[in-house]
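Report on one structure; see the data block that follows.
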Amino acid sequence: MRLSVTALLVTLALCYYEANAIVCPTFAVDLTEFFYFPDLLYRLSLAKYNAPPEAVAAKMEVKQCTDRFSVKNRLIITNGKILLNCTVTDAKAVLNPSSA
């Protein structure tokens, strides 16, 4: 069940990512905290949601995996860039914005 929900969400994200270019500010802050805050600070930031301990533990488990992403990949994700069906110029602009 979980895998099918995840697959559905990924499919929707890849197919319809341009449907609404406005990102919810709260989501943007949470995503930034998720990728860049240390574990302890991120756990404290999750307290605002009053989530059950199991949900917080699951989120922290996922964070342990994403903490292994390179900084370059984190920047790509948090900038909202999806490098599928893009040109070499697009990819270079995302990976090295100062040269674009």
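Of note:
- Some residue of the stretch 77-97 being loosely packed, with under 12 Cβ neighbours inside 10 Å and modelled with pLDDT of 70 or more: yes
- Here Y42 meets the list (1) touching an Asp or Glu at 6+ places or on another chain (Cβ under 8 Å); (2) at pLDDT below 90; (3) surrounded by 13 or more Cβ atoms within 10 Å (Cβ to Cβ) almost entirely, failing just condition (2).
- Residue in the stretch 54-76 that is most open to solvent (accessible area, probe 1.4 Å), counting only those that are among the β-branched types (V, I, T) and within 20 Å of L40 (Cα to Cα): V71
- Within this structure, A47 fails the test of being closer than 22 Å to I76 by Cβ, in a helix (DSSP H, G or I), aliphatic (A, V, I, L, M) and open to solvent by less than 70 Å² (accessible area, probe 1.4 Å).
The values are calculated or read from the model by the stated rules, or taken from the named source; none is laboratory data. Here the structure is a predicted model, which means the values were calculated and not measured. Positions of Cβ are backbone-derived with ideal geometry, glycine not excepted, and every protein chain shown enters the neighbour counts. With ligands, DNA and RNA removed, areas are computed over all heavy atoms of the protein, side chains included. Shrake-Rupley method; radii C 1.70, N 1.55, O 1.52, S 1.80 Å.
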